[in-house]
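K.L.:
Sharing a structure with you now.
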Amino acid sequence: MQVRQRRVLGVDPGLTRCGVGVVEGVPGRPCVMVDYTVIGSDPDADLADRLLHLDRNLAELIARHQPESVAVERVFSQHNVRTVMGTAQAAAVAVLAAARAGLPVRTYTPSEVKAAVTGSGQADKKQVTTMVTRLLRLDAPPRPADAADALALAICHIWRGGTRDRLSEAIRTAKGRQ
């Protein structure tokens, strides 16, 4: 069975800095970086304007890169409620932008992403950035770390989520034949 290459847009959500990375690949093989960026917003700007700015930028990136799916980091509990609220709002905007474009969305915990790219769910940001640089055969590490995290999310989805998607599709197909 020929496994076809997939294009995934990864989103490391943040209200002030939202990392976005686009990667192509197949499970078990080296991936290729297509693009990465960080969408920033002014912390002093109105919340509605910041969320709208993020939505417009994500919609433009989805339209430009035509991913087949979107991977978003699942928000986890933090001690700073204000930070987690902004992260959750940014994650919701990313999920909505993908849904509006008709794309499937998967969420991954930070530990799942770290384990996928480094082999350890306890890896630090530097280790993730180092492995993303190595796995994508980049000349220099993606900066800032939000961009590296977004690329790591896309790699994680290609290697793990792509397999899940194919299994789900096979099950749906098998059920349809019964």
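K.L.:
Quick one: which residue in I171, I155 is at pLDDT 95 or above and not charged (D, E, K, R)?
P.N.:
Result: I155 is the single residue among I171, I155 that is at pLDDT 95 or above and not charged (D, E, K, R).
K.L.:
Against the condition open to solvent by less than 40 Å² (accessible area, probe 1.4 Å), more than 13 Å from D146 (Cβ to Cβ) and β-branched (V, I, T), how does V11 come out, does it pass?
P.N.:
When the stated conditions are applied, V11 does not pass them.
K.L.:
Applying the selection to the range 56-87, what residues are within 14 Å of the chain's Cα centre (by Cα), modelled with pLDDT under 95 and aliphatic (A, V, I, L, M)?
P.N.:
Hit for the range 56-87 is V75, nothing else.
K.L.:
Now for a separate question. If I filter the range 33-75 down to residues being of a type in the set (S, T, N, Q) and touching a His at 6+ places or on another chain (Cβ under 7 Å), which single residue comes out as farthest from A88 (Cα to Cα)?
P.N.:
S69
K.L.:
Any residue that is touching a Leu at 6+ places or on another chain (Cβ under 8 Å), modelled with pLDDT of 95 or more, assigned to a strand (DSSP E or B) and more than 29 Å from M85 (Cβ to Cβ) - is there at least one of those in the range 25-35?
P.N.:
Yes.
K.L.:
Which of the residues spanning the range 14-40 are open to solvent by 40 Å² or more (accessible area, probe 1.4 Å) and closer than 16 Å to P67 by Cα?
P.N.:
Across the range 14-40, the qualifying residues are E24, V32, M33, V34, D35, Y36, T37.
K.L.:
Now for a different question. With the condition kept exactly as written, say whether any residue in the range 50-69 is of a type outside the set (S, T, Y) and in contact with a Gly (Cβ under 8 Å, 6 or more places away or on another chain).
P.N.:
No, the range 50-69 contains no residue that is of a type outside the set (S, T, Y) and in contact with a Gly (Cβ under 8 Å, 6 or more places away or on another chain).
K.L.:
Additional query: Starting from residues that are assigned to a strand (DSSP E or B) and more than 12 Å from the chain's Cα centre (by Cα), keep the ones in the range 1-23 and report whichever is nearest to F76 (Cα to Cα).
P.N.:
My answer is R17.
The values are calculated or read from the model by the stated rules, or taken from the named source; none is laboratory data. None of these values were measured; they are calculated from a predicted model. As a convention, Cβ positions derive from the backbone with ideal geometry for all residues, glycine included, and neighbour counts pool all protein chains shown. Note: accessible area is taken over every heavy atom of the protein model, side chains too, but ligands, DNA and RNA are not part of it. Shrake-Rupley method; radii C 1.70, N 1.55, O 1.52, S 1.80 Å.
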